[in-house]
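One structure is given here, and the rest of the page talks about it.
The values are calculated or read from the model by the stated rules, or taken from the named source; none is laboratory data. Owing to the predicted nature of the structure, the values given are computational and were not obtained by experimental measurement. Glycine also receives a Cβ, built like all others from the backbone with ideal geometry; neighbour counts cover every protein chain displayed.
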Amino acid sequence: MSLHFQHSWLLFGLIGVALPWLFRWLQTRNPHYVRWAAMQFLEQTIIREAARVRKQNRWRLFIRMAIIGFMVLALAGPVWAPRRLPLLGPGEQYVLLLFDDSYSMRVQDADRTQFEIAKQQALRWMDQQPSQTHYGILTFSDIMRLGEHTASAATYTDTKSARNALRQLQPSFRADTFAEILPVLQNLLRTRPEPVKQVCVFTDGQRRSWSGAKLSSLSQEASIRLILPTRRQIDNLSLVRFESSRRVYAVGEPASFTCEVANTGTMDHEQTWLKLVIGSGEHEVGETVASIPMEVPTGERKTIHLPYQFQQPGFYPVTATLGSDDLSVDNERYTLVEIVPYFRVLCVGPSTRYVALALSPDDSSPIRAELADDVPQSLSNLIENRKDSTFVDGIRYDAVVITRPWDMTDARILTDYLRGGGILLVFLGPEFSVPFDQELEWIPAGLGAPIEESRTLNEAEIQRSWELLIQPDSQILLADSQDKPLVVRRDYGQGSVFYVGTSAGPPWNHWHIQPDFLPWLHRTLRDAWERNRSRPIWEIGGTPAVRMPDPSTSPSGLLEWPEEPGIYSIPSIGTIILNPDAREMDLRAFNLVWFWQYWPEVEAFASSDDQLSFVRQTYALWPWLWVLTMSLACYEVWISRTGSSG
Amino acid sequence: MQSAFSAYRYVDAEFLAQIERLDFMPRHYSVGWLPGRHHSPFRGTSVEFAEHRGYTPGDDIRQIDWRVYARHERYTIRQHEGETRTSVHILLDTSASMDYGDPSKFEFAVRLALGFAYLILRQQDAVSLWHSGEAVGLPPTSGPAQFHRFAKLVDQLNPKGKRRVSKVLEDVVHRVPPHGLWIVLSDCLESIESLEHALQYTRYRGHEVILWHLLHPDEIEMPFTGTTEFVGYEGGRMRFQPEQFREAYRTSVERFRQKLRLTCHSESIDYISPDITEPVVSVFTEYLTQRSYHRHATHP
């Protein structure tokens, strides 16, 4: 029974119900005695009025007892907190049963998933509804099926067919959100003719899209009820972050993977193992290369770094796996690394020999630099036979270092190279001339028109002319002490162009022997490779994770879940934002990657300090009891004044 | 006189002194053989001229009006109004129910009866006393000694028994000469039908009737509260809460009084229902004053 009393000890006052009867009994036991003459009038009156007075006495006794009883009950403060929804009034109503079928609804409680429990709750709740109830049944993932065609949402005009449909309802466990299906709901509710409409959402609240504004907009169309499937006691370790320090490694280069494990459940988890699995190819399980024991108390996180060295070039799916718990969907995370034999750089022109030496000082370096003195001829010969400009002579050049584009043919080859994802470093040296730079689409900084064509420029002239003509989408990476730009980057196609406003060596300067030259050159190229090769992964954003509620151990306030199943309302509907830090994922972009089937369709659920407080929906009965008591009291006064008149 | 009445329980010399100047005259003609103060339907020897009629042999020639003869040479008899004594019968209810109140209804009735007897005897009329008790009544007689007999008999009476005054009235009224005057002092706590019958029969016998309906204010209003057990003077008991029946009781009493009042009005019976908590002398004086006023109004 869901009836509670705010002051239950006052219920002892119900003994007072017997007081009117007791007073009446005592009163009749000790009468006044009067010697009376006019007995004939009394006899006539009693004979005529006795039945009425007796009935009236019993009625007034009952009323007085009821007044005391209701008053005691009202003082005790009864509150009705139904576990099921109260019966609505007669008349037609439309009830839309909306099921959250996201991944978190897979959590099992007593061998049943949250979704199945929610279905059972819905079936029980339907038993409480009046016969003139029409039902609609939807899941969050129905947005994929319905789209904007809300009319195709089935409506069940009798309970039996609705129950059958509900039993056959299957979850998709997709990542669709309440926000996505909200327009569908609004359109559907607007078209319903029933005077009373309500939406019953069966959810565990594991959605980042429960914003107050959305709920408020839906409440314009119908009353909303959030029904929690079950009690929460979750044993859940979540692999909330898994990433590699780099996306591209050379063979033999040490790789590092960072794992962050959080206990997002409500109970401590026993010792479990974190495994690192390296896949050897598409659709294969892979090999466990590391297994580390770990314990994470409730509400805490641990970060672990796992090293590994790849010996063969190729693409490797890397998996981090935790032991099983209540929610298995967040126990695995995947990433993809590319292993290359080495990074190959083509250095064109005599001035680039310093760059080549810096990139590959010996044979063990992951970068192999090749010098080509007769570059214009060799570049044309090597590239023009291949349509795919990112590969030269069957071997990919990861970067090309030049001092100038020599002619239109070179420029066209380099344009294709950049579109295909190449990295181009242009060191402007003494041999730099201005042949046709205005016609190059990818040039990050043009030279001014006053400069005469085919004339060799000095350093001062170059910097003076280009500092005023940097393209809007270019980025200044390095500047000198006078804020004159030295290195400018521009992305073009899938590749990038770096313009360095000075020569790589003498006679203009001695930067190549400066201590910062070598680290700068390496970092620039590695970052460029990382960025270009891992572009799809880069666009997805952070590592997805599932955050489970933690009502007891989180002082910072996660979700304040109720202790028991029931009907709850959200008191401040306009201010609730769950997980404001969560970012939208573009899974479609990631699906382009060839191992898309490894990626779980989970909801990004970053941590949040905001609280969602569920207030159990209650009905205060004591005001009505006071009204009833006062009404009976007034009635009693009225009877006492007029009752003797018969 | 005070010393003469001091032996009687109910006789109040002061009360008698206050009422001795009042007149109590019957509304109708009195029929009697002895001369008195009251109008008779017959011609008599009073000084008040009534009419002339022709002489018929056998008439007393002393009654011939010789002045008329001198004028008209015709013998004419001069007749005068007849005046006679009247007999007043006082019927006193001595049933147990008359004992209610302080002073009781019986005491109030006795003082009224004594007042009436005193006045009647002072007018040389005859008075009798009838009651509903066991003792024998007092036959109608005039003279001062009758008052002593009246007072002595009243002293012997006590309110007890269940005998109804209507029964007594029906038994006695045919034993006295007609055209008398009955003063009934009772609380009339009996069947309204028998009471009406007795009064109508009395009127049928040519008597004038004055009904004093003596009810205590408590018996009209029933002002008790709380659970009360009523024990009847003449038997029976009831326990209830008076406030629950008060209105119905008042309605019942008022209906009875109204019916009795209408019966008396239709039979030309004086119906008086005084407040017995007031002094007897004021009730008595007020009644006689009003009666005298109405008599002069109807007989100027």
Task: A:Glu300, sole failed condition from (1) in the same structural domain as A:Gly279 (by TED's automatic domain parsing); (2) touching a Phe, Trp or Tyr at 6+ places or on another chain (Cβ under 9 Å); (3) of a type outside the set (Phe, Trp, Tyr); (4) modelled with pLDDT under 85 - done: (2)
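The rows are residues; the columns are (1) assigned to a helix (DSSP H, G or I); (2) away from chain A (no Cβ under 14 Å); (3) at pLDDT 90 or above.
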| site | (1), (2), (3) |
| --- | --- |
| B:Ser97 | yes, no, yes |
| B:Phe108 | yes, no, yes |
| B:Val127 | no, yes, yes |
| B:Phe147 | yes, yes, yes |
| B:Arg163 | no, yes, no |
| B:Lys167 | yes, yes, yes |
| B:Pro178 | no, yes, no |
Open item on the list: Test of understanding: among B:Ser273, B:Ser252, which residue is within 29 Å of A:Arg54 (Cα to Cα), modelled with pLDDT of 90 or more and polar (S, T, N, Q)?
Closed with: B:Ser252
TODO: Check B:Val209 against each of (1) touching an Asp or Glu at 6+ places or on another chain (Cβ under 9 Å); (2) at the interface with chain A (Cβ under 9 Å from one of its Cβ atoms) and name the one condition it does not meet.
DONE: (2)
TODO: Residues being assigned to a strand (DSSP E or B) and within 10 Å of another protein chain (Cβ to nearest Cβ): count how many of those fall in the range B:212-222.
DONE: 1
Open item on the list: Tell me yes or no: at least one residue of the range B:67-86 is buried (at least 24 other Cβ atoms within 10 Å of the Cβ) and modelled with pLDDT under 90.
Closed with: yes
Open item on the list: Can you tell me which residue is nearest to the other protein chains (Cβ to nearest Cβ) among those in the range B:180-205 that are polar (S, T, N, Q) and surrounded by 18 or more Cβ atoms within 10 Å (Cβ to Cβ)?
Closed with: B:Ser186
TODO: Return a yes/no flag: does the range B:239-247 have any residue that is more than 14 Å from chain A (Cβ to nearest Cβ) and exposed (fewer than 15 other Cβ atoms within 10 Å of the Cβ).
DONE: no
- [ ] Would you confirm whether any residue within the range B:80-93 is within 30 Å of B:Lys162 (Cα to Cα) and hydroxyl-bearing (Ser, Thr, Tyr)?
- [x] yes
- [ ] Mind listing whichever residues of the range B:223-251 are part of a helix (DSSP H, G or I) and of a type outside the set (S, T, N, Q)?
- [x] B:Pro242, B:Glu243, B:Phe245, B:Arg246, B:Glu247, B:Ala248, B:Tyr249, B:Arg250
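Looking only at the range B:241-261, count how many residues are closer than 29 Å to B:His38 by Cβ and free of Cβ contacts under 8 Å to residues at least 24 places away in the same chain.
Of the residues in that region, 1 qualify.
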Task: Verdict on B:Thr227 being touching a strand residue (DSSP E or B) at 6+ places or on another chain (Cβ under 7 Å) and either under 29 Å from B:Gly161 (Cβ atoms) or within 9 Å of chain A (Cβ to nearest Cβ) (or both) - done: yes
Open item on the list: Looking only at the range B:53-67, how many residues end up being of a type in the set (Lys, Arg) and either under 12 Å from B:Gln79 (Cβ atoms) or in contact with a Leu (Cβ under 7 Å, 6 or more places away or on another chain) (or both)?
Closed with: 1
- [ ] Keeping to the range B:252-271, report how many residues are surrounded by fewer than 18 Cβ atoms within 10 Å (Cβ to Cβ) and in a helix (DSSP H, G or I).
- [x] 9
Open item on the list: So, in the range A:316-368, how many residues would count as being more than 21 Å from A:Ile423 (Cβ to Cβ) and within 29 Å of the chain's Cα centre (by Cα)?
Closed with: 20
- [ ] Please go through the range A:31-84 and pick out each residue that is away from chain B (no Cβ under 14 Å), crowded, with 18+ Cβ neighbours inside 10 Å and either in contact with a strand residue (DSSP E or B) (Cβ under 7 Å, 6 or more places away or on another chain) or part of a strand (DSSP E or B) (or both).
- [x] A:Ala76, A:Pro78
- [ ] Please name all residue pairs, on different chains or six or more residues apart, with Cβ atoms under 9 Å, provided the first residue is in the range A:626-638 and is under 10 Å from A:Arg64 (Cα atoms) and the second residue is of a type in the set (Lys, Arg) and in a helix (DSSP H, G or I).
- [x] A:Leu632/A:Arg64; A:Glu636/A:Arg60; A:Glu636/A:Arg64
Open item on the list: Please determine whether any residue of the range A:7-30 is farther than 21 Å from B:Ala248 by Cα, polar (S, T, N, Q) and away from chain B (no Cβ under 14 Å).
Closed with: yes
